[in-house]
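Asker: Mind having a look at this structure? Questions to follow.
The values are calculated or read from the model by the stated rules, or taken from the named source; none is laboratory data. These numbers come from a predicted model, not from an experiment. Cβ: placed from backbone, ideal geometry, glycine included. Neighbour counts: every protein chain shown. Heads up: the accessible areas ignore ligands, DNA and RNA and are worked out on the full protein's heavy atoms, side chains in. Shrake-Rupley method; radii C 1.70, N 1.55, O 1.52, S 1.80 Å.
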Amino acid sequence: MSASGFSDLREKLKSMTPHRDNYKNRVTDKDNGYKNRKVKVTDGGSSNGNGRKRKHRDSSEDEVEPVESREQEARRVQSGIVQVEVFSKEDCDVIEGKINEVVANGEAGLYREHTVDRAPLRNKYFFGEGYTYGAQLEKRGPGQERLYPKGEVDDIPTWVHDLVITKLVASGVVPEGFVNSAVINDYQPGGCIVSHVDPLHIFARPIVSVSFFSDSALCFGCRFQFKPIRVSEPVLELPVRRGSVTVLSGYAADDITHCIRPQDIKERRAVIILRKTRPDAPRVDQSPSPNPSPPERHAPLKAKRSHRRADPDAAHRPRVLEMDKEENRHSSSSSRLHRRSNSSENYWRRSQDGDVSRKVKMRRH
């Protein structure tokens, strides 16, 4: 036996290339009477000690765990939701009339700049406190939202206190003095709001919402894709009826996103969201300069051009001018050769009536 421990070089080569034997074990062995066998393997599966690939798990085993965890998550979401009926049909009629007044005031431009936020098929009206979100953020991502400085949005309307908040306090939904932020979301059919969590660093819990005009659904754990818009199946779909109050806290408010899907807004729907801002919530930076100067007086704004009376022929003028330019470009090349010889004759020509003192300016066409 050699120093390496092998008496035969073939044994050494065999020990250095064990994959060859593994390969042979997978091929049909006619001498021993074995039949061909096919083994289903998972992608990237590893070989066991005998050269056979690990079998793929039964499909039922793959599905059991996700289904169970999804059901468990749905139960956790449900544990953080309370729904109560506080507002009657008559109450809804009165409040919906007030919401229509808010929309009319917004259309008339009676609110401050940051009170109204318009989006396709959905308008938001901030009262008491407003905050930056979505495309308004300089840096995207959770935790970047900021409250506007005090006074940047309108105060909560008196009717919201009298008709909505007072009844919620009397029903024990929120304590007295809890609400300092009210948002009205007005959805048109097909409107939506993408999956989100109400900013934890901005708002205390619970989050209270009251639905009006029509029934809809609040969905949890969806993922949105766009162009075209698509929404994945929710972990939990919660029906929200007209006049119903939905209170979110715990897992439902903090640990999973919620959204309104386009398919759930079949008719106009409005929701009043009532929240309390945290005392340490960050605001949009308005730090004073070291050498403050007196406030600059702004000149009154002029009316926008779109408000002026439109000229019915104005839309056609740019096209006519472009046609003239195109014609001039084509004619310039052909007339360039004759300019030197004919310029004086074409530009100045005596009149045919014999008046030598009269000169006529000729235009090229």
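Asker: I need every pair where a residue in the stretch 267-278 that is in contact (Cβ under 8 Å) with a residue 24 or more places away in the chain and crowded, with 20+ Cβ neighbours inside 10 Å has its Cβ under 6 Å from the Cβ of a residue that is in a strand (DSSP E or B) and among the charged types (D, E, K, R), sequence separation at least 6 or different chains.
Answerer: Between residues of the stretch 267-278 that are in contact (Cβ under 8 Å) with a residue 24 or more places away in the chain and crowded, with 20+ Cβ neighbours inside 10 Å and residues that are in a strand (DSSP E or B) and among the charged types (D, E, K, R), the close pairs are ALA270/ASP186.
Asker: Okay, moving on. Restricting to the stretch 238-250, count the residues that are closer than 18 Å to HIS201 by Cβ and either modelled with pLDDT under 95 or surrounded by fewer than 21 Cβ atoms within 10 Å (Cβ to Cβ) (or both). Don't jump to the end; show me each part of the working.
Answerer: We begin by selecting, within the stretch 238-250, every residue closer than 18 Å to HIS201 by Cβ; these are 248-250.
Checking which are either modelled with pLDDT under 95 or surrounded by fewer than 21 Cβ atoms within 10 Å (Cβ to Cβ) (or both) leaves us with 249-250.
Counting residues in the stretch 238-250 that are closer than 18 Å to HIS201 by Cβ and either modelled with pLDDT under 95 or surrounded by fewer than 21 Cβ atoms within 10 Å (Cβ to Cβ) (or both) gives 2.
Asker: Given the condition of a type outside the set (Gly, Ala, Ser), assigned to a strand (DSSP E or B) and modelled with pLDDT of 95 or more, answer yes or no: does some residue in the stretch 70-81 qualify? Reasoning before the result, please.
Answerer: Quick first cut of the stretch 70-81, residues of a type outside the set (Gly, Ala, Ser) only: 70-73, 75-78, 81.
Filter once more, keeping what is assigned to a strand (DSSP E or B): 81.
Subsequent filtering for residues that are modelled with pLDDT of 95 or more retains 81.
Checking the stretch 70-81: at least one residue is of a type outside the set (Gly, Ala, Ser), assigned to a strand (DSSP E or B) and modelled with pLDDT of 95 or more.
Asker: Follow-up. Looking at (1) open to solvent by 60 Å² or more (accessible area, probe 1.4 Å); (2) part of a helix (DSSP H, G or I); (3) over 21 Å from VAL247 (Cβ atoms), can you tell me which one HIS161 breaks?
Answerer: Single failed check for HIS161: (3).
Asker: Need the failing condition index for VAL153 against (1) surrounded by fewer than 20 Cβ atoms within 10 Å (Cβ to Cβ); (2) under 24 Å from the mean Cα position of the chain (by Cα), just the number.
Answerer: Result: VAL153 passes all but (1).
Asker: Okay, next question. Can you go through LEU200, LEU163, LEU168 and tell me which one is touching a residue at least 24 places away in the same chain (Cβ under 8 Å), in contact with a Pro (Cβ under 9 Å, 6 or more places away or on another chain) and not aromatic (Phe, Trp, Tyr)? Lay out the reasoning, then the answer.
Answerer: Values: LEU163 fails: in contact with a Pro (Cβ under 9 Å, 6 or more places away or on another chain); LEU168 fails: in contact with a Pro (Cβ under 9 Å, 6 or more places away or on another chain).
Unique residue meeting the criteria: LEU200.
Asker: Filter the stretch 212-231 for residues that are open to solvent by less than 30 Å² (accessible area, probe 1.4 Å) and either among the β-branched types (Val, Ile, Thr) or out of contact with any helix residue (DSSP H, G or I) (no Cβ under 9 Å at 6 or more places or on another chain) (or both); which is nearest to VAL94 (Cα to Cα)? Give the steps one after another, and end with the answer.
Answerer: Here is the first cut: in the stretch 212-231, the residues open to solvent by less than 30 Å² (accessible area, probe 1.4 Å) are 212, 214, 216-222.
So of that shortlist, the ones also either among the β-branched types (Val, Ile, Thr) or out of contact with any helix residue (DSSP H, G or I) (no Cβ under 9 Å at 6 or more places or on another chain) (or both) come out as 214, 222.
Working: SER214: 14, CYS222: 34 Å.
Within the stretch 212-231, the match that is nearest to VAL94 (Cα to Cα) is SER214.
Asker: Would you check which residues across the stretch 120-134 are under 13 Å from the mean Cα position of the chain (by Cα) and not basic (Lys, Arg) and list them? Can you show your working first?
Answerer: We begin by selecting, within the stretch 120-134, every residue under 13 Å from the mean Cα position of the chain (by Cα); these are 120-122, 133-134.
If the condition is that a residue be under 13 Å from the mean Cα position of the chain (by Cα) and not basic (Lys, Arg), then PRO120, LEU121, TYR133, GLY134 are the ones that fit.
Asker: Take the stretch 97-108 and flag every residue that is exposed (fewer than 15 other Cβ atoms within 10 Å of the Cβ) and assigned to a helix (DSSP H, G or I). Walk me through it before giving the result.
Answerer: Step one: list which residues in the stretch 97-108 are exposed (fewer than 15 other Cβ atoms within 10 Å of the Cβ), which gives 97, 100-101, 104, 107-108.
Answer for the stretch 97-108, where residues must be exposed (fewer than 15 other Cβ atoms within 10 Å of the Cβ) and assigned to a helix (DSSP H, G or I): GLY97, ASN100, GLU101, ALA104, GLU107.
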